[in-house]
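Enquirer: Before I ask anything, let me first share the structure, which is written out below as structure tokens.
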Amino acid sequence: MNGLTFRAISTRRRQSGARTYVLVHGLGTSHRYFAALHHELSAYGDVHSIDLPGFGGLPKPPGAPDVAQISGALATFLEQLGVSGGILVGHSMGAQWSVELAVQRPDLVSAVVVCGPVTDRRHCTLVRQLLLLAADFLREPVALNVVVFSDYLRCGPIWYAKQVRHMLRYRLDENVTRLRMPLLIIRGSDDVIAGQRWCAHLQASARDADVGVIAGQRHLAHSTAAADLAGRIQQFAGM
């Protein structure tokens, strides 16, 4: 797809009418840190954990495709997987790719969930984001940090730098206004990257949005509180 390679790790219930969940990782990471949430959601429906181009060991495409380009190609990939009316679950920068995909192709999406969404306009510089990421890293479980850091190494600094520019420029708060479907915003109560004020701003900007807070969790709440999050997503999906 225009030189962009995707990977899907899929669990299918093969039941008529089963919901479909699509998990979209954040900058530098891969499907691996979604393992717990993937497992929890598989009790409710079909689950596809996606690896995006240049991440998770996939080939790095030429140039520096932006959020809109990657999201458009991801939509084509989801069509090939047979996804229609899926529930997108994006973490961190994955929130940007998910929202953009839903804006471009609302026919493929019934709802959007963003966990720890970026980028808070008050902290929209590379230095500030790296400092917040380091502060969060120190408080996350060691085993989970090993997974995330090893994915950063596979991503590499050049591809990371190309994509972080797009992350800092993408106006998530402006693009959620274009969503035609419900939006659920989730953050850990101790997430320094996606603060409460920023998430409340996203809620106010969208047509139909709710905010949920998972107590005692940080930026990787989708992994450290997977069962809690899966239950909230399932409740949201049943609206």
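The values are calculated or read from the model by the stated rules, or taken from the named source; none is laboratory data. Bear in mind that the values here come from a model prediction, so they are computed numbers and not experimental data. Ideal geometry is used to build each Cβ from the backbone, glycine not excepted, and the neighbour counts take in all protein chains shown. Just the protein is used for accessible areas: all its heavy atoms, side chains included, with ligands, DNA and RNA removed. Shrake-Rupley method; radii C 1.70, N 1.55, O 1.52, S 1.80 Å.
Enquirer: Could you please let me know if ALA95 is in contact with a Pro (Cβ under 6 Å, 6 or more places away or on another chain), open to solvent by less than 20 Å² (accessible area, probe 1.4 Å), in a helix (DSSP H, G or I) and touching a residue at least 60 places away in the same chain (Cβ under 8 Å)?
Expert: So ALA95 fits the description; yes.
Enquirer: While we're on this one: Restricting the search to the stretch 108-138, which residues are surrounded by fewer than 13 Cβ atoms within 10 Å (Cβ to Cβ) and either touching a His at 6+ places or on another chain (Cβ under 6 Å) or closer than 27 Å to ALA230 by Cβ (or both)?
Expert: LEU138
Enquirer: Going residue by residue through the stretch 78-91, is there one that turns out to be open to solvent by 20 Å² or more (accessible area, probe 1.4 Å), in contact (Cβ under 8 Å) with a residue 12 or more places away in the chain and part of a helix (DSSP H, G or I)?
Expert: For the stretch 78-91, residues open to solvent by 20 Å² or more (accessible area, probe 1.4 Å), in contact (Cβ under 8 Å) with a residue 12 or more places away in the chain and part of a helix (DSSP H, G or I): present.
Enquirer: Here is a further query. Looking only at the stretch 65-77, filter to residues that are open to solvent by 20 Å² or more (accessible area, probe 1.4 Å) and in contact (Cβ under 8 Å) with a residue 60 or more places away in the chain; which one of those is farthest from ASP107 (Cα to Cα)?
Expert: Top of the filtered list is ASP66.
Enquirer: Let me ask another. Pairs only if they're at least six apart or on different chains, beta carbon under 8 angstrom, first in the stretch 127-146 and within 13 Å of SER223 (Cα to Cα) and without any contact (Cβ under 8 Å) to a residue 12 or more places away in the chain, second open to solvent by 50 Å² or more (accessible area, probe 1.4 Å) and assigned to a helix (DSSP H, G or I); list them, first residue then second.
Expert: The qualifying pairs are ASN145/PHE137.
Enquirer: When ARG105 is evaluated against the numbered criteria (1) in contact with a Gly (Cβ under 6 Å, 6 or more places away or on another chain); (2) over 30 Å from ASP190 (Cα atoms), which criterion, by number, is the only one it fails?
Expert: Result: ARG105 passes all but (1).
Each row is one residue, and each column tells you yes or no for (1) open to solvent by less than 40 Å² (accessible area, probe 1.4 Å); (2) touching a residue at least 60 places away in the same chain (Cβ under 8 Å); (3) out of contact with any strand residue (DSSP E or B) (no Cβ under 8 Å at 6 or more places or on another chain).
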position	(1), (2), (3)
TYR160	no, yes, yes
ASN175	yes, yes, yes
ARG178	no, yes, yes
LEU183	yes, yes, no
ALA206	yes, no, no
PHE236	yes, yes, no
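Enquirer: Restricting to the stretch 187-197, name every residue that is in contact with a helix residue (DSSP H, G or I) (Cβ under 9 Å, 6 or more places away or on another chain) and either open to solvent by 10 Å² or more (accessible area, probe 1.4 Å) or farther than 13 Å from ASP120 by Cα (or both).
Expert: Filtering the stretch 187-197 for residues in contact with a helix residue (DSSP H, G or I) (Cβ under 9 Å, 6 or more places away or on another chain) gives 187-195, 197.
Across the stretch 187-197, the qualifying residues are ARG187, GLY188, SER189, ASP190, VAL192, GLY195, ARG197.
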